[in-house]
Structures are given as C-alpha cells and as structure tokens.
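The values are calculated or read from the model by the stated rules, or taken from the named source; none is laboratory data. Just so you know, these numbers come straight off a predicted model, no measurement behind them. When we count neighbours, we look across all protein chains shown, and the Cβ atoms used for this are built from the backbone with ideal geometry, even at glycine.
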Amino acid sequence: MTDKADTSILLTGASGRVGRMLCAFWPDVAPDLALIPQYRRPGPPGALAWDPLDGPGALITHIAETGRRPAAIVALAGITPGSGRDLGLNRPLAEATLDAGLRAGVTRVLLASSSAVYGAGGIPFTEDAPCAPVNAYGAAKLEMEAACAPWRARGLDICALRIGNVAGA
C-alpha cells in the first residue's frame, strides 16, 4: 500500500453523541467515503484507538501500518457543558488534533465549534456575525477557534463548524 491521501475520513469523537449518530448513518449517506472512527480506548474493528492529547504517534502509526492517510479529519472530540470536565480543554484538544493532522499530512480539518460563540440569539446568524458568547462553553469554543490561526498559516485548511442544537444528540 502507498502512503497517500485516500477517500477515507478520520472522525474524532466517535464515542460522543454526534459521533455515534454520524457513525450510524455514514454508510448510507456517504458509502464511497470510508469512515475511520477514533476512540480514546480500543473500539470496534477498523477504529483508531488514539487520544490526541497523547501526541500524534498513534495516528502516524495507523497511517504507516495501513498505508492509508485520511483525506480529512472531522474533529468532533471536545468537552461539552454538563460533562463536569474543564471546558478549557477544548483548545488544547483542537491544537493536538491540528498538530497531528499536520504531522501526518492530513491538511483538511473540519473542527466542531458551536453557535454558542455568537451569544444570545433570537435571530439567524450569518458566518460573519460578531461573536459575543454569554456562557463559558461559547467562550471556550471561541478561544478554540482563535487558536486555529497559526495552524492555517502553517498550511492547514481548517473550517470551524458552528453547530447549533442537534436533534437527538
């Protein structure tokens, strides 16, 4: 096998609510794109056991062993309100994922953010609407987004997905 980008997508946070939904529906909506689900602990066959905060080693090893470098990373892994964990970990988790992507040659990353970065709603937001988070989660996600700038300058193509409430998640 060769070490070149293929039609697979690495999904971090596969054990989370949105990640589980994506894993369940992916084969039906994108059958030509292989999904590589990531879990911090060993998961189902074909999954990548990797904690991005431990460094890029497991991702790089996975690529070397399979000869398949994902075309992109969909980074859903993060800390959510009510989890009891430090929301400030969203930034280092994103930075670790971006670093691993860069080191592994995966230069396109879709990073899960939140519409909470906009603040109080009541009206539809446009992409360029000013951000004024009103809670710690929105502030943590905005800080995470700001941390992407140096990674873009290093060649990563990053899109922050400002996801709203997800039905069923």
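Quick notes on this one:
- Of the listed requirements (1) out of contact with any Leu (no Cβ under 9 Å at 6 or more places or on another chain); (2) surrounded by 13 or more Cβ atoms within 10 Å (Cβ to Cβ); (3) in contact (Cβ under 8 Å) with a residue 40 or more places away in the chain; (4) farther than 21 Å from ASN165 by Cβ, LEU33 misses just one: (3).
- All positions within segment 1-35 that are β-branched (Val, Ile, Thr), closer than 17 Å to ALA64 by Cα and at pLDDT below 95: THR2, THR7
- Checking each residue in segment 115-160 for being farther than 14 Å from GLU95 by Cα, of a type outside the set (Phe, Trp, Tyr) and outside any loop (DSSP other than H, G, I, E, B) picks out SER115, ALA116, VAL117, ALA136, GLY138, ALA139.
- Test: residue in segment 123-134 that is touching a strand residue (DSSP E or B) at 6+ places or on another chain (Cβ under 6 Å) and either surrounded by 19 or more Cβ atoms within 10 Å (Cβ to Cβ) or aromatic (Phe, Trp, Tyr) (or both): no
- Residue match in segment 78-90 (condition: buried (at least 21 other Cβ atoms within 10 Å of the Cβ), among the aliphatic types (A, V, I, L, M) and either at positive phi or touching a helix residue (DSSP H, G or I) at 6+ places or on another chain (Cβ under 6 Å) (or both)): no
- Selection status of LEU53, aliphatic (A, V, I, L, M), surrounded by fewer than 18 Cβ atoms within 10 Å (Cβ to Cβ) and either in contact with a Leu (Cβ under 9 Å, 6 or more places away or on another chain) or without any contact (Cβ under 8 Å) to a residue 12 or more places away in the chain (or both): yes
Results for (1) of a type in the set (Phe, Trp, Tyr); (2) over 14 Å from the mean Cα position of the chain (by Cα); (3) within 19 Å of CYS159 (Cα to Cα), shown as yes or no for each residue.
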site	(1), (2), (3)
THR12	no, no, yes
ARG20	no, no, no
VAL29	no, yes, no
PRO45	no, yes, no
ALA72	no, no, yes
GLU95	no, no, yes
LEU111	no, no, yes
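- When the residues of segment 135-159 are filtered to those that are among the acidic types (Asp, Glu) and closer than 21 Å to LEU11 by Cβ, the one that is surrounded by the fewest Cβ atoms within 10 Å (Cβ to Cβ) is ASP157.
- Some residue of segment 96-105 being surrounded by 15 or more Cβ atoms within 10 Å (Cβ to Cβ), small (Gly, Ala, Ser) and modelled with pLDDT under 95: no
- Within segment 36-64, considering residues that are of a type in the set (D, E, K, R) and within 16 Å of LEU76 (Cβ to Cβ), the one modelled with the highest pLDDT: ASP51
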